[in-house]
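We did not get these values from a lab; they are worked out from the coordinates using the rules stated. All of these numbers come straight from a predicted model, not from anything done at the bench. Heads up, the Cβs are rebuilt from the backbone with ideal geometry, glycines too, and the neighbour counts pull from every protein chain shown.
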Amino acid sequence: MATKGKPQNPGYIAGTHWANCQRCDFTYRSPELKEEWTGLWVCDDCWEARHPQDFLRVHPEKVAADQPLQPSDTSNTIDVTFAETFTVEGGTFDDNNGTL
């Protein structure tokens, strides 16, 4: 088990070196640290697994429509005409004969 803080016995172990956890900054032997998905080298206490939601694969939305947006058959159109036309003289207009 790693010692927290300064090493009690900084003796030599072949193939290892002292390193600090990049999250809690305690000192550990290099094999006791492992790389996290964030790229940090952390101890067992600080190590966090990547969230499963990060691995979801969703289907992309269809951007183009399968059918044309405008109908090719225009037999359903309605022609609108106004039978009565009128003109209004210029001026100021208000409701209720000027009393609002």
Point to revise | Under 14 Å, Cβ to Cβ, from Lys34 - net charge with Lys/Arg +1 and Asp/Glu -1 | key: -3
Review point. By average Cβ neighbour count within 10 Å, what is the ranking of 31-40, 45-54 from highest down?
Key: 31-40, 45-54
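So, with +1 on the Cβ of K and R and -1 on the Cβ of D and E, and no other charges, what is the size of the charge dipole of the range 8-61 about its Cα centre, to the nearest 20 debye?
160
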